[in-house]
Amino acid sequence: MTQSTRNNVSGFLSLTLHAHLPYVVNHGTWPHGLEWLLEAAAETYLPLLRALRNLERDGIALKANLNLSPILLEQLAHPVFREAFPKYVQRKIVSAREDEAYFNQNGEPHFAETARYWERFFTQALTDFEALDGNIVRGFREAQQNGLIEIITCAATHGYFPLLGTDESVLAQVKTGVDTYERHIGRKPRGIWLPECAYRPAGPWSFPVLPEGSTKPWNGFNRIGVEDALGQNGIDYFFVDTHLVEESVMFTPYELRAGGAVGVAAALTVETGASHRSLYRPYFADGPHAHEHPVAVFPRDPRTGLQVWSGDAGYPGDSHYLDFHKKRWPGGHRYWQVTHSKIDMAFKTPYFPEKAAERTRVHAEHFVNLVMEALQPSFGGRVPPILSAPFDAELFGHWWYEGVLWLEHVARVIAEKNLPIALTTCSEYLDKYPATGYLALEEGSWGKNGTNEVWLNPETRWTWRHIYPAESAVREAASSTQWRGNPTGERILKQMCRELLLLESSDWQFLITTEAARDYAEERFLSHLESFRSTQEAWQTFLATGTISDDQSALLAEMETQDSIFAEIDPSLWAARA
């Protein structure tokens, strides 16, 4: 590819996109549920594949590290999604035509033209989906095979590592994620996205809440660190937030996306001199077993991240871009531009797609200049610097509609201007320039204040009171011998493991804390807790009688249909470590 064959490269940019949604298949449709997945596929995943093809046609590769979380892979491959997506897109096409007729009737030709724009957009989505035979995962797998991206993995259901209550749960989240990646992508992953970029070091740990049913705190223990779980599963690298490497620079992406100002001033005044060069190189994560399989860690660059995350100070807040919030019902199409991020919805002005598209090139050039400014002080060293820019994938296309086109322009600007920087994947960089030096990281995340507080607070503590006994119960069951070689026992335990994984999803606490979909998240957590307890009852019946009742068998079949994920799940992953 053009940018990777130049000889004048003095530094590198590595974009990382984290594509993830909680398990929503068979758990509601609208406003919360399957509709989230359908929107993300139409507005982010398929447009991203289209952009990759456009770049490839011109001899350019985005070279992004793309995390397709294991639970997302399972959903994109799920027959329920593959059947629902064409119907969803057809509804969007029909509603666009109805909008056009309405606007024409009311003498609003510009809105009518925008309605035709949406008809073309969703028609293209349907065409792309059909060209892939409904297999979006195949599209990304082929993009990786063609050197356009590197697909990395994540924890199975996005479990929040610093708060999980057993080492076995952390290891099972990682190993199930690796196995799922191999099944869908056809090779082993080299990189991983830690859920919420949350790191936990090895060492003494105590349960932060009193587990349900207990009258006194459980004993703490010496837990493994993240790098140990990753090293045991052959992972070569992961990402952490800025403050874990350099405490003086911190802002929280999710607060910026919501319009918050916490930490923004500090991030805006970041100097790019020698004192901050530590952000532009990988390190090995230190720990008791770190030298057995060293795992590299890439810090997030704060200044470039601000420009993409912030709905106020960043690119998505540009007045010309499509407003995310204002929609026309029925149909849900958007016809208005940002205008101003603080303006009342009633005063939003009409959207002009062509003008918005022009802005993406301007913002891409600005972004590339920021990357140059950040890396330039480190040019000429023994090892060229690398700037790591990680983002949620759904930020592009779904939240910031023009974001996918912006990504495409970033790649084009770097390729066309013969700059001394190039795009690269983290694996490609490490193969040429292995990490050196070990860094002892503190516990933290990219959540509010860099701590665990988004996932553990007065509003979410109750979830952990239920998760810890569930983790303990699965470890005890998996450590027994009764299920091995017994189809009934194995079937029960497999579903116990699935329901535990779904309980552990960090999405529920996030949605509760941010109140983005609190009722849905609480209902989902409680439904999986109820399913887990049903599998526990079946397990106890099996231990006592060697079989289960017809009613229990029927209920188990119901759960297996509703939560049909990780078909090859291995309960032995949860067995107590020697």
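The values are calculated or read from the model by the stated rules, or taken from the named source; none is laboratory data. Given the structure is predicted, the values throughout are model-derived calculations rather than measurements. Methodologically, a virtual Cβ is constructed for each residue, glycine included, from the backbone with ideal geometry; neighbour enumeration extends over all protein chains shown.
Just to be sure I understand, how many residues within region 123-174 are of a type outside the set (A, V, I, L, M, F, W, C) and in contact with a strand residue (DSSP E or B) (Cβ under 8 Å, 6 or more places away or on another chain)?
The number of residues fulfilling the criteria is 11.
Just need a number here: residues in region 490-511 that are over 18 Å from the mean Cα position of the chain (by Cα) and either outside any helix (DSSP H, G or I) or aliphatic (A, V, I, L, M) (or both).
So the count comes out to 4.
Filtering region 33-77 down to residues that are acidic (Asp, Glu) and in a helix (DSSP H, G or I), which residue is nearest to residue 155 (Cα to Cα)?
Only one residue fits best here, namely 74.
Scan region 416-432 and report the pairs whose first residue is within 12 Å of residue 63 (Cβ to Cβ) and assigned by TED's automatic domain parsing to the domain that holds residue 146 and whose second residue is at pLDDT below 95 and small (Gly, Ala, Ser), with Cβ atoms within less than 7 Å and a gap of 6+ or a chain change.
422/4
Of all residues in region 135-146, count the ones that are surrounded by 17 or more Cβ atoms within 10 Å (Cβ to Cβ) and within 17 Å of residue 86 (Cβ to Cβ).
3
Taking only region 518-551 into account, find how many residues are of a type in the set (Gly, Ala, Ser) and within 18 Å of residue 69 (Cβ to Cβ).
1
In this structure, does residue 476 turn out to be modelled with pLDDT of 95 or more, closer than 30 Å to residue 165 by Cβ and among the charged types (D, E, K, R)?
Answer is yes for this residue.
Only one of these is surrounded by 20 or more Cβ atoms within 10 Å (Cβ to Cβ) and in contact with a helix residue (DSSP H, G or I) (Cβ under 8 Å, 6 or more places away or on another chain): 511, 573. Name it.
511
When you scan region 154-210, how many residues do you find that are within 15 Å of the chain's Cα centre (by Cα) and in a loop (DSSP other than H, G, I, E, B)?
The total comes to 7.
Which one is farthest from residue 482 (Cα to Cα), of the residues in region 514-551 that are of a type in the set (Ser, Thr, Tyr) and touching a residue at least 60 places away in the same chain (Cβ under 8 Å)?
In this case the residue turns out to be 514.
Got a number for residues in region 176-228 being exposed (fewer than 13 other Cβ atoms within 10 Å of the Cβ) and touching a Leu at 6+ places or on another chain (Cβ under 9 Å)?
Residues that pass the stated criteria total 2.
With the requirement that a residue be of a type in the set (A, V, I, L, M, F, W, C), in a loop (DSSP other than H, G, I, E, B) and modelled with pLDDT under 95, what does region 436-465 give you?
440, 441, 446
Across region 231-244, what is the number of residues that are within 10 Å of residue 194 (Cβ to Cβ) and surrounded by fewer than 24 Cβ atoms within 10 Å (Cβ to Cβ)?
1
Where in region 218-334 are the helices (runs of 4 or more DSSP H), entirely inside, with at least 3 residues that are at pLDDT 85 or above and not aliphatic (A, V, I, L, M)?
So the answer is 226-232, 302-309.
Residues are listed down the side, and each one gets a yes or a no for (1) under 30 Å from residue 506 (Cα atoms); (2) in the same structural domain as residue 235 (by TED's automatic domain parsing); (3) aliphatic (A, V, I, L, M):
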position	(1), (2), (3)
99	no, no, no
108	no, no, no
123	no, no, no
126	no, no, yes
151	yes, yes, yes
169	yes, yes, no
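To keep it simple, each residue is scored yes or no on (1) closer than 21 Å to residue 404 by Cα; (2) surrounded by 15 or more Cβ atoms within 10 Å (Cβ to Cβ).
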{"residue": "48", "(1), (2)": "yes, yes"}
{"residue": "56", "(1), (2)": "yes, yes"}
{"residue": "65", "(1), (2)": "yes, yes"}
{"residue": "76", "(1), (2)": "yes, yes"}
{"residue": "79", "(1), (2)": "no, no"}
{"residue": "102", "(1), (2)": "no, yes"}
{"residue": "110", "(1), (2)": "no, no"}
{"residue": "122", "(1), (2)": "yes, yes"}
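Would you confirm whether or not region 139-153 contains a residue that is assigned to a helix (DSSP H, G or I), more than 26 Å from residue 59 (Cα to Cα) and of a type in the set (A, V, I, L, M, F, W, C)?
Among the residues of region 139-153, not one is assigned to a helix (DSSP H, G or I), more than 26 Å from residue 59 (Cα to Cα) and of a type in the set (A, V, I, L, M, F, W, C), which makes the answer no.
Inside region 335-352, can you point out the residues that are closer than 17 Å to residue 108 by Cβ and crowded, with 18+ Cβ neighbours inside 10 Å?
Residues satisfying the conditions are 335, 336, 337, 348, 351.
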